[in-house]
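These notes are about the structure you will find just below.
The values are calculated or read from the model by the stated rules, or taken from the named source; none is laboratory data. Every value quoted in this text rests on a predicted model; they were computed, and no experiment measured them. Every residue, glycine as well, gets a Cβ built from its backbone with ideal geometry; the counts of neighbours run over all protein chains shown. Note: areas computed on protein heavy atoms with side chains; ligands, DNA, RNA excluded. Shrake-Rupley method; radii C 1.70, N 1.55, O 1.52, S 1.80 Å.
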Amino acid sequence: MKTISCNPLGGTYDTELPANGPNLKTMKKEILAIVLCTFLSSLNAQSLVGSWEAIGTFDGKELRNVVIFTEGHQVATFYETETGAFVGTNGGSWSLDGNQMTETIEFDTKTPERVGNTVTFEIEWDNDELRIKDVDLVWKRLDNGTPGDLAGAWLISGRMRNGELQKRDTNRPRKTMKILSGTHFQWIAYNTETKEFMGTGGGTYTTVDGKYTENIEFFSRDNTRVGASLQFDFEIKDGDWHHSGLSSKGQPIYEIWTQRTP
């Protein structure tokens with residue numbers, strides 16, 4: 001099994017029919033269009049992009065592991081299924097060559113010495129299940145990057161403070177990334193130079209009528225936030241995500257996020 005990344009094509013195919021009905025050439029064009037559309041849809045369905053979940057028992061506790069893949073970036077997080085207590089997270093950039101997954105680590109709470117290293121391992125997967133060779137877990141697909149409007153990896157690039165926009169260099173080592181599939185989100189604050197991890201939180205989200213709603217399933221800084229829902233206004237302007245509302249502490253925020261390229 002292998003992945004092929006492509007952008008799904010949509011739309012209609014208009015063909016001018018002769019007055020006396022369709023001819024063989026026209027029928028061939030229509031059949032070719034249908035076959036092409038079906039083929040591209042099949043390729044898209046075979047993408048790893050989206051969120052995946054595995055459940056396992058470790059030290060007597062049931063843990064949930066949620067992995068989010070976007071084009072070029074990924075995050076994997078363990079937290080307790082029952083309480084949402086945060087256990088650990090790691091992630092960075094990724095690529096796939098056949099069944100060989102390659103990851104360059106940007107953050108790792110359990111083994112920060114791995115930050116900056118590249119690891120390669122073998123996977124097996126289809127559209128519904130993902131396995132890593134020699135790992136006794138099976139990840140089930142949660143979504144394929146839809147239906148949320150904000151799927152992708154984003155870096156915070158600006159904040160509004162006292163009516164003034166303060167921009168932030170997204171290339172510096174200190175980063176705050178928010179990574180979203182079609183239904184799941186996670187933010188991570190970290191430093192690729194010092195290998196320091198500052199915090200993370202995540203869960204599920206929706207985007208409806210300009211409202212972005214987060215449902216928190218884990219929060220490394222405060223487990224009491226698990227189960228809370230936060231709603232914000234959102235808008236895409238010139239490719240950037242403008243995000244405003246009240247923070248988890250009830251403070252007004254206005255943030256700008258810039259999407260990361262693969």
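So which of R159, R131 is free of Cβ contacts under 8 Å to residues at least 40 places away in the same chain and surrounded by 11 or more Cβ atoms within 10 Å (Cβ to Cβ)? Please lay out each step first, then the result.
Details: R159 fails: free of Cβ contacts under 8 Å to residues at least 40 places away in the same chain.
It is R131.
Yes/no matrix, rows are residues, columns are (1) open to solvent by less than 30 Å² (accessible area, probe 1.4 Å); (2) of a type in the set (D, E, K, R); (3) in contact with a Gly (Cβ under 8 Å, 6 or more places away or on another chain):
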{"position": "D59", "(1), (2), (3)": "no, yes, no"}
{"position": "V66", "(1), (2), (3)": "yes, no, yes"}
{"position": "V75", "(1), (2), (3)": "yes, no, yes"}
{"position": "V87", "(1), (2), (3)": "no, no, no"}
{"position": "S93", "(1), (2), (3)": "no, no, yes"}
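Each row is one residue, and each column tells you yes or no for (1) among the polar types (S, T, N, Q); (2) closer than 16 Å to G50 by Cβ; (3) modelled with pLDDT of 95 or more; (4) part of a strand (DSSP E or B).
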{"position": "I123", "(1), (2), (3), (4)": "no, yes, yes, yes"}
{"position": "K140", "(1), (2), (3), (4)": "no, yes, yes, yes"}
{"position": "G145", "(1), (2), (3), (4)": "no, yes, yes, no"}
{"position": "R172", "(1), (2), (3), (4)": "no, no, yes, no"}
{"position": "T176", "(1), (2), (3), (4)": "yes, no, yes, yes"}
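Looking only at segment 50-84, filter to residues that are outside any strand (DSSP E or B) and touching a Leu at 6+ places or on another chain (Cβ under 8 Å); which one of those is nearest to F107 (Cα to Cα)?
That would be T70.
Would you check if there is a residue in segment 102-117 being more than 19 Å from K140 (Cα to Cα), out of contact with any helix residue (DSSP H, G or I) (no Cβ under 7 Å at 6 or more places or on another chain), modelled with pLDDT under 95 and surrounded by fewer than 17 Cβ atoms within 10 Å (Cβ to Cβ)?
Going through segment 102-117, the residues more than 19 Å from K140 (Cα to Cα) turn out to be 102-117.
Still in the running and out of contact with any helix residue (DSSP H, G or I) (no Cβ under 7 Å at 6 or more places or on another chain): 102-104, 106-107, 109-117.
Filter once more, so that each one left must be modelled with pLDDT under 95: none.
Checking segment 102-117: not a single residue is more than 19 Å from K140 (Cα to Cα), out of contact with any helix residue (DSSP H, G or I) (no Cβ under 7 Å at 6 or more places or on another chain), modelled with pLDDT under 95 and surrounded by fewer than 17 Cβ atoms within 10 Å (Cβ to Cβ).
Name the residue that is surrounded by the most Cβ atoms within 10 Å (Cβ to Cβ), counting only residues in segment 194-240 that are in a loop (DSSP other than H, G, I, E, B) and basic (K, R).
Across segment 194-240, the extreme among qualifying residues is K195.
Restricted to segment 209-262, and to residues that are under 22 Å from F197 (Cβ atoms) and acidic (D, E), which residue is modelled with the lowest pLDDT?
Taking the candidates together, the pick is D222.
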